[in-house]
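Structure, as structure tokens:
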Amino acid sequence: MSIAVSVRLPEKLAAELGEVARISERSKSFLIQKALEAYLDDQADLQISIDRLHDPTDPVITLEDMRSEIDL
């Protein structure tokens, strides 16, 4: 099921979106959906990183140990 969402874009961004849609032969809706999915995935990854950074029980690996582990 799809839900319609309305957004306002600056003219320049809307023009760039239109050009990419034309060149890629994809709809603007498709491109916006894919961009939003990528952004939300990145934000989820960022939140996991921040949570781990502030978790005192998460083990810390030294650079030397990491290099040794991957044979560098």
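Taking θ as phi - 60° and the Karplus parameters 6.51, -1.76 and 1.60, the scalar couplings of the range 53-68 work out to 4, 9, 8, x, 8, 6, x, 9, 10, 6, 4, 4, 5, 5, 4, 5 Hz in sequence order, x denoting glycine and proline.
Within the set (1) 49, 28, 27; (2) 44, 24, 24; (3) 51, 30, 17, the number that Cα extents along the principal axes in Å takes when calculated for this structure is listed as (1).
When only DSSP loop residues count, what GluC sites (Glu not before Pro) in the chain have their Cβ near at most 14 other Cβ atoms within 10 Å?
E25
Between the Cα long axis of helix 11-24 and the first principal axis of the chain there is an angle of about 90°, rounded to the nearest 10. For the chain, the residue among A21, L40, L72 whose Cα projects farthest onto the positive side of the dipole built from Cβ charges is A21. Couplings 3J(HN,Hα) for the range 30-40, derived from phi with the Karplus relation 6.51 cos²θ - 1.76 cosθ + 1.60 (θ = phi - 60°), are 4, 5, 5, 4, 5, 5, 5, 4, 5, 4, 5 Hz, where x marks Gly and Pro.
Full extension of the chain segment joining A44 with A14 gains 8.2 nm, where the gain is 0.36 nm per residue of separation less the Cα-Cα distance.
All of the numbers you see were taken from the coordinates with simple rules; none came from a lab. Being a predicted model, the structure only gives us computed values, none of them experimental. Cβ: placed from backbone, ideal geometry, glycine included. Neighbour counts: every protein chain shown.
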